[in-house]
Amino acid sequence: MRKALFSACAVCVGATTAQAGGLDRSGQPITLIFEEGNYAEFSVSRTNPDVEGTDLTNQNPFGTPTGNVAQDFNQVGAGVKYQFNDQFSAALIYDQPFGSDISYPTPSGNPTQPGSLLLGGTEAFAESDSYTALLRYKFDPNWSVHGGVRYQQVEGNIQLQGLAYGPFSGYGIDLDREGGFGWVLGAAYEIPDIALRVALTYQSKISFDFDTTESSPLFPVTLTGTQEVETPQSVNLDFQTGVAQDTLLFGSVRWADHSQTQLSTTAVGPLPSVELIDLNNSFTFNLGLAHRFNENWAASVNLGYEEGDDDDLVSPLAPTNGFRSIGVGLQYTHENMRISGGLRYTDLGDAFAETGTPDVARADFSGNDAVSFGIRVGFSF
């Protein structure tokens with residue numbers, strides 16, 4: 001059984017959707033550190049979500065279509081791993097762990113072009129870059145530990161617009177690009193003869209002191225200041241094992257503490273501070289099977305699941321609740337090169353976008369999905 005078989009599955013698992021686990025996108029993988037010998041790779045993927053709903057208004061009990069509020073986005077990843085000796089190895093990994101691309105169309109007066117009266121013009125954009133430096137030490141053929149440091153850069157902006165926001169309609173906040181450091185620590189158990197590996201990895205939260213600019217029709221002036229925001233701590237459990245000749249069972253469980261990511265408006269005069277980001281913690285599961293047909297070709301299939309929260313009232317900035325997915329992957333190996341491709345379909349969970357205190361449902365989002373596809377190229381050297 002060859003460990004390289006596992007990479008036939010990796011692109012499918014990594015091509016996630018915009019709504020998976022709060023702001024999660026890449027899943028913060030570290031499995032590159034387990035590649036044999038010296039190895040480098042590059043990957044790119046694209047997700048095309050279709051997230052449409054209907055306004056819930058007294059004037060139109062049947063609802064007004066919101067149009068598609070989730071924008072297409074790309075993901076890029078890269079990494080290099082170096083084996084110093086039988087015990088020590090190191091890896092440098094780049095990924096884009098968190099992001100958001102939400103934009104509610106505004107009514108145009110043309111009935112063929114939907115738009116939301118309650119939320120039209122509301123937007124949330126965020127992007128991140130992460131650089132992780134890892135070291136791994138093998139005590140023996142079975143046990144090892146790994147850990148290192150992570151540097152993240154994050155930027156974003158939020159615009160609230162529409163009747164659902166009342167006096168806060170027209171509010172906007174920009175968060176300038178900022179960097180912060182965190183750490184990674186984990187351990188793994190392996191039985192090489194059957195390609196068994198179980199790896200548990202903790203990834204710390206990272207704090208950012210963002211320079212912010214806030215504006216609103218209710219503010220006498222544009223406000224500038226600083227806000228502390230955290231990206232979540234998380235735990236990844238990755239496993240694989242051979243189950244038959246040239247056949248590998250693989251999977252992962254990821255927990256992310258998205259409740260740590262909080263952002264609020266600044267209180268001005270009689271205007272109270274209002275929470276802008278309210279995300280639930282998530283457990284995300286993947287399970288798959290890969291098979292190597294010959295020296296050159298291997299294929300995989302995997303299932304993904306994230307349970308929705310019991311409360312289906314969610315932020316308009318992340319208007320889905322859990323998901324189910326299925327993905328397929330194909331890998332071609334030639335000498336020291338591996339090319340892997342993957343396709344994933346994701347059924348996004350139904351939810352109601354809410355605003356106000358107490359929470360009031362403003363739009364009903366149901367029957368939504370996303371399609372993701374990606375490619376990864378790796379070289380052993």
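The values are calculated or read from the model by the stated rules, or taken from the named source; none is laboratory data. Values in this document were obtained by computation on a predicted structure and should not be read as measured data. Note that each Cβ is placed from the backbone with ideal geometry, even for glycine, and that neighbours are counted across all protein chains shown. Note: accessible area is taken over every heavy atom of the protein model, side chains too, but ligands, DNA and RNA are not part of it. Shrake-Rupley method; radii C 1.70, N 1.55, O 1.52, S 1.80 Å.
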Flagged pairs (Cβ under 6 angstrom, 6 or more apart or on separate chains; first in the stretch 114-140, at pLDDT below 95; second among the hydrophobic types (A, V, I, L, M, F, W, C) and open to solvent by 50 Å² or more (accessible area, probe 1.4 Å)) are 117/163; 118/163
Identify, please: which residue in the stretch 200-220 is open to solvent by 50 Å² or more (accessible area, probe 1.4 Å) and charged (D, E, K, R) and is, among those, farthest from residue 172 (Cα to Cα)?
205
In the stretch 148-162, the residues that are assigned to a strand (DSSP E or B) and aliphatic (A, V, I, L, M):
149, 154, 158
Out of the residues in the stretch 119-136 that are over 10 Å from residue 104 (Cα atoms) and more than 18 Å from the chain's Cα centre (by Cα), which is least open to solvent (accessible area, probe 1.4 Å)?
134
Is it fair to say residue 167 is in contact with a strand residue (DSSP E or B) (Cβ under 9 Å, 6 or more places away or on another chain) and either open to solvent by less than 60 Å² (accessible area, probe 1.4 Å) or of a type outside the set (Phe, Trp, Tyr) (or both)?
yes
Which pairs turn up if I take residues in the stretch 219-236 that are touching a residue at least 12 places away in the same chain (Cβ under 8 Å) and within 14 Å of residue 201 (Cα to Cα) and look for partners that are in a strand (DSSP E or B) and open to solvent by 30 Å² or more (accessible area, probe 1.4 Å) with beta carbon separation below 7 Å, at least 6 apart in sequence or on another chain?
234/255; 235/202; 235/255
Do we find a residue being in contact with a Ser or Thr (Cβ under 7 Å, 6 or more places away or on another chain) and farther than 23 Å from residue 64 by Cα anywhere in the stretch 345-352?
yes
Please find, among 237, 289, 223, the residue that is modelled with pLDDT of 95 or more, more than 14 Å from the chain's Cα centre (by Cα) and surrounded by fewer than 17 Cβ atoms within 10 Å (Cβ to Cβ).
237
Could you grab me the full set of residues in the stretch 41-51 that are assigned to a strand (DSSP E or B), surrounded by 18 or more Cβ atoms within 10 Å (Cβ to Cβ) and of a type outside the set (Ser, Thr, Tyr)?
41, 49
Could you name every one of the strands (runs of 3 or more DSSP E) located completely within the stretch 167-286 that has at least 3 residues being under 28 Å from residue 307 (Cβ atoms) and not aromatic (Phe, Trp, Tyr)?
172-191, 196-203, 223-231, 234-244, 247-256
Condition (residue is open to solvent by 50 Å² or more (accessible area, probe 1.4 Å), out of contact with any Gly (no Cβ under 9 Å at 6 or more places or on another chain) and either in contact (Cβ under 8 Å) with a residue 24 or more places away in the chain or not in a strand (DSSP E or B) (or both)) applied to the stretch 299-308: is it met by at least one residue?
no
In the stretch 99-118, what residues are touching a strand residue (DSSP E or B) at 6+ places or on another chain (Cβ under 8 Å) and buried (at least 17 other Cβ atoms within 10 Å of the Cβ)?
99, 100, 101, 102, 103, 104, 105, 114, 115, 116, 117, 118
Would you say residue 361 is closer than 23 Å to residue 57 by Cβ, out of contact with any Lys or Arg (no Cβ under 7 Å at 6 or more places or on another chain) and surrounded by fewer than 21 Cβ atoms within 10 Å (Cβ to Cβ)?
yes
What number of residues within the stretch 353-381 satisfy the criterion of being among the aromatic types (Phe, Trp, Tyr) and more than 21 Å from the chain's Cα centre (by Cα)?
2
Taking the stretch 253-264, which residues are open to solvent by 20 Å² or more (accessible area, probe 1.4 Å) and of a type in the set (Ser, Thr, Tyr)?
259, 264
I'm told residue 294 meets every condition in (1) free of Cβ contacts under 8 Å to residues at least 40 places away in the same chain; (2) open to solvent by less than 60 Å² (accessible area, probe 1.4 Å) except one. Can you identify the failing condition by its number?
(2)
Name every residue in the stretch 267-286 that is surrounded by fewer than 17 Cβ atoms within 10 Å (Cβ to Cβ) and of a type in the set (S, T, N, Q), in order of residue number.
273, 281
Can you tell me which residue in the stretch 55-98 is modelled with the lowest pLDDT, limited to those that are farther than 27 Å from residue 155 by Cβ, surrounded by 18 or more Cβ atoms within 10 Å (Cβ to Cβ) and hydroxyl-bearing (Ser, Thr, Tyr)?
64
